[in-house]
Every structure is written in C-alpha cells, then in structure tokens.
1. Is one or more of the residues making up segment 71-89 part of a helix (DSSP H, G or I), at pLDDT 95 or above and crowded, with 16+ Cβ neighbours inside 10 Å?
2. Can you pull out every residue in segment 159-175 that is open to solvent by 40 Å² or more (accessible area, probe 1.4 Å), within 26 Å of Ser197 (Cα to Cα) and part of a loop (DSSP other than H, G, I, E, B)?
3. For Ile121, are the conditions met, namely being at pLDDT 95 or above and in a loop (DSSP other than H, G, I, E, B)?
4. When both residues are 6+ apart or on different chains and their Cβ atoms are under 9 Å apart, which pairs have a first residue that lies in segment 142-153 and is free of Cβ contacts under 8 Å to residues at least 24 places away in the same chain and farther than 12 Å from Val319 by Cβ, and a second that is of a type in the set (Phe, Trp, Tyr) and in a loop (DSSP other than H, G, I, E, B)?
5. Which residues, taken from segment 96-111, are under 25 Å from Cys343 (Cβ atoms) and not in a loop (DSSP other than H, G, I, E, B)?
6. Failed condition for Ser134, given (1) small (Gly, Ala, Ser); (2) touching a strand residue (DSSP E or B) at 6+ places or on another chain (Cβ under 6 Å); (3) without any contact (Cβ under 8 Å) to a residue 40 or more places away in the chain, with all others met?
7. Just give me the residues in segment 296-311 being over 19 Å from Asp142 (Cβ atoms) and part of a strand (DSSP E or B), in sequence order.
8. One residue is enough: does segment 307-319 have a residue meeting the conditions in contact with a strand residue (DSSP E or B) (Cβ under 7 Å, 6 or more places away or on another chain), open to solvent by 30 Å² or more (accessible area, probe 1.4 Å) and not hydrophobic (A, V, I, L, M, F, W, C)?
Amino acid sequence: MKKRRMTAAFLAAALGVTALTGCGGTGGSTDTGKSTEAEKISTTITVWGCAEDQADENGKWLQTMCEKFNTEHPEWDLTFEYGVCSEQDAGKTVPQDPSNSADVYFFANDQLQTLIDAKAIAKLGGETADYVKSTNSQAIVDSVTVDGAVYGVPFTTNTWFMYYDKSKFTDSDVKSLDTMLAKDKVAFNITEGWYMSSFFLANDCVYFGKDGKDNAAGIDISGDKGTNATKAMVSMVNNPNFVNDAGGVGIAGLRDGSVAAYFSGSWDYKNVKEILGDNFGAVQLPKVKIGGTDKQLKAFAGSKAVAVNPNCKYQQIAVALAKYLGGKEAQQSHYDLRSVIPCNTELLAVEPVKSDVLVTAQNNTFNNTAVIQPTVTGMNDYWTPAQNFSKSIVNGEITLDNAAEKTEEFYKLINTSIVK
C-alpha cells in the first residue's frame, strides 16, 4: 500500500519471474483444504511473495512455511516454485496475465476489486471462509469481503501511525499535532495521497459512500469541510517545525536528531527502533485543529492477505496453503522473524504480542483513528491528482486565501476522473 507505482522493467520481471506459470485449469468459489481424490496428487505450486519474506536474513519465512505445510500434508507430493511480487504490486501484476501468474499470492486489500474484475482471485468458501471470520475482527473480515464473499486470508493489518522520540515529546504532547509542531520538528509525507487524505477524513469528508464501496458516490470533499481540511494542511506546511517527508527525509532526520516525530508504518519499525533505542515511541494518530476545532486525524487502513488464483487446477491445495500461510502459526513466525503484526485475534491476546508497543500503535490506529480504505476501482483515479494537489500546497501554490477555490477544483477533477 505504501507505493502504488512500478516501473515497466519491474512489471516485466515480476510477470516473467523464473518463468512461473499457474498450475492450469479453471476454478471458481473454493470450499475446503482437504483433497477428495483417492490418488495421491503430485504437482508444482507456484507462490509469489515479497522479497523480504524470502530473504536469508528473515529466515526464508515463505519457503519455511511452505515446506512445513508440505510436511503436514503427506497425501500430496508438492514442489514449490517461488517468485517475487510484493503485496503492493500484486494488483498491477497479476491481472495482466492471471493464467500465468502464481497459484497463491499475497495482496493488499485495496486492490481487491481490481483483482476481482480481472478474474484473478478466487472466492473462499466453507471452512476457509469460516476460519477467516472466526479468527479476525469484523473490520478485517470486511476488508477482504465483497458482496458477502470472502476473497483472501488476512495475515496483518495495513496502515500507518506515528513514531516519536520520547526524550522530546511527552505522552500528552503526542495527542496533538499542533502541540508537537509548537515544540519540535515533525516529519509528515504530505505529498503522498495516502497520508494527505487523513486531513480530509478527519473533517468528515467521505470517500465512496458510507461504507467505502459505492464507486458511483465518488469522493465528497466539497464545501467548508474540504476547504477547512486544505487550510489545515496549508497551516501545517507553513509551520517552521514541519518537515515534508519526501525521499527518506523523515527517517534520516530521526537518525541525525533533526526530527523528533515521523509518520510511517510497521515496515520502518526495525530502523526506527535501532535509531531511537530507549527513546522509541509509537502511538496512534494525533488530533489536529481544523476550522478551530480539534479533529482526529484518520489514516486509511486495510489488510494484507493471501489469495488463491482461480486458474489453479488443484484448488483444494491452493486454498489449504493460503489458509496455512495466513494462519496462526504462520502469523506468529512472521511476527518473530520480521515484526509483521498479526491480526489473528487469539495471537493479539497473548504475550509478548499483547504488550508490544508497535502492535499497540498499529492496532490502536486501526481501531480508533482509521477508516477502511475503499477497494472500489475509483480509488485508482485518486492517487495522482491527490499527489499533485498536495505538492501544490508544499510549493505555495495553494494558500489560505485560495484554499476554497483550489479545493473545489480538486473536488471536480477527482470526481470527473472517477465517473469517466
């Protein structure tokens, strides 16, 4: 979710990685992980995941889990082939050629409708869907559900929150962005739509209807609610303690001490923890003054999940593997090796997960200061205009004086793109 753009070179590499192909055939809604065939199945299953999950320094999490799965299923004779395609890139890579993509792959839930439209993701039914519903919060379940059908096995929440230096900000300070900006340097990536949108969401702007699933409803940032959110962003950018976190400036500032707080996600945990040491702090998003009133910043949030390609011949194997890779044991291993925060409700209730500051920051953000990111295709037309709009704020082209006019122009632009 962090990045939604990839180069043509990466696309070619991801699609052609080790000449992987799906295991053939067609499939629809899937039901169970148990083989119903009397004869032992011997086949190759292709799995695409991010490079970090396959790296030696992270214990080759993906390969290790797949081999454990293999050991637990003597009724199948499986060989695994692996390719590199991150959760963030699956929505662009897999739909290009679903029949020649992986049998099992990982995806960020904001890409779900795109994958469905491309017939590149299978519905999960029976005991697998029941497992997803019984081991996750309702919000997590909703993040992988469209029209009542479950399409993935979630393995982590996906959002951003605030890291800070505890020697520079108190527990009270970090509840208010305005208080923090009056005290020390704060890095915020205002020129990325994923972060910038938190101001509009804070001021009751609505993206694609009440539940975020009505593409025709568009994005409502009209009137004073949108204008005042824009003015709050202009005021933040004009504050001498604001640092635009572009090109790694924020984390570099934490390292050299010139920045005291930084908005990011769990992917930066190891670096931030190493930098701040005993002064490491992480919390849900703070409030900010919008139109003279304290409003709660709200991050877009979702999940990352394991998907099954409907083109896979042996659906029962692919579904069972997806369930395993998103299951409790695999989530525990993911957390131990890479600090990937689990979403399994049972894991979240036990130590050391329960008391982990990182886990608390992300889950508090997800539960208290976030909005589930819409999965409708209209979101694809939002990111570039949003980035250009926020860059205009940083460049001084949008000011307090012209905020109403520029916000109205932005409102018309994004909704024209969505309904085209």
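1. Residues of segment 71-89 part of a helix (DSSP H, G or I): 71-72.
Of the ones still in play, those that are also at pLDDT 95 or above are 71-72.
Those left that are additionally crowded, with 16+ Cβ neighbours inside 10 Å: none.
No.
2. Residues of segment 159-175 that are open to solvent by 40 Å² or more (accessible area, probe 1.4 Å), as a first pass: 166-168, 170-172, 175.
Next cut, within 26 Å of Ser197 (Cα to Cα) only: 171-172, 175.
The answer is Asp171, Ser172.
3. Values: at pLDDT 95 or above: yes; in a loop (DSSP other than H, G, I, E, B): yes.
In short, yes.
4. Within 9 Å, the pairs are Thr145/Tyr151.
5. Pass one, segment 96-111, residues under 25 Å from Cys343 (Cβ atoms): 101-111.
Answer for segment 96-111, where residues must be under 25 Å from Cys343 (Cβ atoms) and not in a loop (DSSP other than H, G, I, E, B): Val104, Tyr105, Phe106, Phe107, Ala108, Asn109, Asp110, Gln111.
6. Among (1) small (Gly, Ala, Ser); (2) touching a strand residue (DSSP E or B) at 6+ places or on another chain (Cβ under 6 Å); (3) without any contact (Cβ under 8 Å) to a residue 40 or more places away in the chain, Ser134 violates only (2).
7. Residues of segment 296-311 over 19 Å from Asp142 (Cβ atoms): 296-297, 308-311.
Selection gives Gln296, Val308.
8. So far as segment 307-319 goes, yes, one or more of its residues are in contact with a strand residue (DSSP E or B) (Cβ under 7 Å, 6 or more places away or on another chain), open to solvent by 30 Å² or more (accessible area, probe 1.4 Å) and not hydrophobic (A, V, I, L, M, F, W, C).
The values are calculated or read from the model by the stated rules, or taken from the named source; none is laboratory data. Being a predicted model, the structure only gives us computed values, none of them experimental. Cβ sites come from the backbone with ideal geometry, for glycine too, and all protein chains shown count toward neighbours. Accessible surface is based on the protein model in full, side chains and every heavy atom, while ligands, DNA and RNA are left aside. Shrake-Rupley method; radii C 1.70, N 1.55, O 1.52, S 1.80 Å.
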